[in-house]
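Report on the structure given below.
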Amino acid sequence: MRVVTLEEHFTVPSLVKRSISREAIAKRGFGPRNVLPGRVNPLDLAPEIGETRLRSMDEAGITVQVLSPPAPAPTS
């Protein structure tokens, strides 16, 4: 059976830094996440679209992921 996950988030850090000011991000209520000790901040994994993501998908039995940019993201 194929398992497809939708709206898996990814980011392009250089694009976010260039496109969105820190003030705009803060104004919209996006701030640092509080992460429990020993846990990984999911935002730290968002830019990873290579081997780590593929390994995680294999471990979870995921066949395909549909990637989507999270908020805050550049808009037209």
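Calculate the spin-label point distance for Glu51 paired with Leu15, positioning each point 7 Å from the Cα along the beta-carbon direction, and give it in nanometres.
Going by the 7 Å Cα→Cβ label model, 2.4 nm.
Rounded to the nearest 10 degrees, what's the angle between the helix 51-60 long axis and the longest principal axis of the chain, both from Cα atoms, 0 to 90?
With both axes taken from Cα atoms, the answer is about 50 degrees.
Return the carbon/sulfur percentage of the accessible area of the chain, one whole number, probe 1.4 Å, all protein chains in place.
Carbon with sulfur: 56 percent of the solvent-accessible area.
With every protein chain present, what is the per residue accessible area of the chain (1.4 Å probe, Å²)?
Per-residue value: 83 Å².
Charges only on Cβ, +1 for Lys and Arg, -1 for Asp and Glu: so what's the dipole of the chain about the Cα centre, in debye to the nearest 20? Intermediate values should be presented prior to the final figure.
Numbers: 10 positive and 8 negative charges, 75 e Å.
Using Cβ point charges on Lys, Arg, Asp and Glu, the chain gives about 360 debye.
For every other residue with a beta carbon closer than 14 angstrom to the beta carbon of Ile49, add +1 if it is Lys or Arg and -1 if Asp or Glu, then tell me the sum.
Numbers: positive: Arg53, Arg55; negative: Glu8, Asp44, Glu48, Glu51.
For residues surrounding Ile49, the net value is -2.
Rounded to the nearest 500, what is the 222 nm mean residue ellipticity of the chain from helices alone, with -39500 (n - 2.57) per DSSP H run of 4+ residues and division by all residues?
After summing the helix terms and dividing by the residues of the chain, the value is -8500 deg cm²/dmol.
Going from most exposed to least, what order do Glu23, Glu48 have by accessible area with a 1.4 Å probe?
Details: Glu23 135, Glu48 55 Å².
Final ranking, largest accessible area leading: Glu23, Glu48.
The values are calculated or read from the model by the stated rules, or taken from the named source; none is laboratory data. Source: prediction; values computed, not measured. Please note: Cβ atoms are built from the backbone with ideal geometry, for glycine as well, and neighbour counts cover all protein chains shown. The protein model used for the area step is the full one, side chains on, heavy atoms only, and it has no ligands, DNA or RNA in it. Shrake-Rupley method; radii C 1.70, N 1.55, O 1.52, S 1.80 Å.
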